[in-house]
Each structure stands twice: as C-alpha cells, then as structure tokens.
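Report on the following structure.
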Amino acid sequence: MIQPDGHHLAELNIGRLLTPTDDPRVAEFMNNLDRINGLGKRMPGFVWMMEGSGEPGTGNTENNIDGDPQFVANMTVWKNVESLERFVWGTIHKQFYERRHDWFEVLGEQHFVMWWVPEGHKPTLEEGLERLDHLRTNGPDTQAFGWDELKQASKWRDNRCAQVAAE
C-alpha cells in the first residue's frame, strides 16, 4: 500500500476497559493518558489527534461508542507510516501497548484500522468506525487496512498482537 500524494495516514484504535475508569485496576492507564497523548503530539510527523482520544467516559458524546463509558477510542493522523510506527513502538507508548491486557478486554473482532486522508482532513469518530466496519466486512483494501498492508512498516512485525486461539 503506497501513500498517495497529498495524503496523510489516519488510524483508529478502539478498546473496552476491564473496569470503570475510577477502578484502581485501571488507574495506571488512566493516570498516564495525558503523558502518552502529550508525547504523541510532540513527535515528528504528528498531525492531529481527536479531542479526548483514549479518554473513556469523558462526557464527550462525539467520542462515545454505543453509549458505553468503558469504551476507549483513539484516533490520530500522521504524516506517514514511519512517524506513526516510531511513536507506537519507539517510545514509552510501547510499554503501555505491551500491558494492554492488564487494562482492556480482548475484543473478538478487529479493533484497529488505518486509511489515507487528504492533507488537512480531520476524520470524525463516525468516519473511523465506518472504516473499521469496512475492514471487518471486506478485509483490507485501499479504503481500510492494517499494518500488514504497509510494506514500508517494519517495527510492527515484532510487536503485533498475539493470535488468540478459537475455543
């Protein structure tokens, strides 16, 4: 998948916390959201972040998924694949990613999607969820894809989610 001229890379990652946001079992995650989001915003290649990204139950109805306050939606836009990959696996973010099972349910379906957006476009959560649904329904294509379709990406191969065996 080649980045089209005049486009940036958008990503949406959703998850559902194991417990309500004020539960001590998710306190470490909740207490570090601003730190990790702030780091992302300072990274070379960062373009935009959805307000309230990663913050469940913030009262921001624009970021609400199915009315569930334990759902977390993180959506960002990056200049290119390499800048997103550098943030995800080349910073302290990786440590939180590796501990995601401490705080989040294992979802039974795809929960991460990427797509190209024209420079200057700020996608909505609805748009991101539509792309995620497209990926779930149709598989990867130019409208919605994952790391596997990005040949220029390399760090994800050593850090990808483990396959969960079917019961």
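The values are calculated or read from the model by the stated rules, or taken from the named source; none is laboratory data. Here the structure is a predicted model, which means the values were calculated and not measured. With ideal geometry, Cβ positions are generated from the backbone for all residues, glycine too; neighbour counts draw on all protein chains shown. Protein only, heavy atoms only, side chains kept; ligands, DNA and RNA dropped before computing areas. Shrake-Rupley method; radii C 1.70, N 1.55, O 1.52, S 1.80 Å.
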Q: State which residue pairs qualify: first residue closer than 12 Å to Ala10 by Cα and inside the range 118-134, second residue polar (S, T, N, Q) in any location, beta carbons under 8 Å apart, and separation of 6 or more residues or different chains.
A: Leu125/Asn63; Arg131/Gln143; Leu132/Gln110
Q | Wholly enclosed helices (runs of 4 or more DSSP H) of the range 1-120 bearing at least 2 residues buried (at least 16 other Cβ atoms within 10 Å of the Cβ) | A | 27-42, 81-90, 93-98
Q. Are there any pairs with C-beta distances below 6 angstrom linking a residue in the range 77-91 that is under 18 Å from Pro123 (Cβ atoms) to a residue that is aromatic (Phe, Trp, Tyr) and open to solvent by 20 Å² or more (accessible area, probe 1.4 Å), with the two at least 6 apart or on different chains, and if so which?
A. Val77/Trp48
Q) For the range 123-147, how many residues meet the condition of being under 15 Å from the mean Cα position of the chain (by Cα) and not small (Gly, Ala, Ser)? A) 13
Q) So, in the range 121-146, of the ones that are of a type in the set (A, V, I, L, M, F, W, C), part of a helix (DSSP H, G or I) and open to solvent by less than 50 Å² (accessible area, probe 1.4 Å), which residue ends up nearest to Met75 (Cα to Cα)? A) Leu125
Q | Test for Ala153: is it in contact with a Lys or Arg (Cβ under 6 Å, 6 or more places away or on another chain) and either surrounded by fewer than 17 Cβ atoms within 10 Å (Cβ to Cβ) or closer than 17 Å to Gln3 by Cα (or both) | A | no
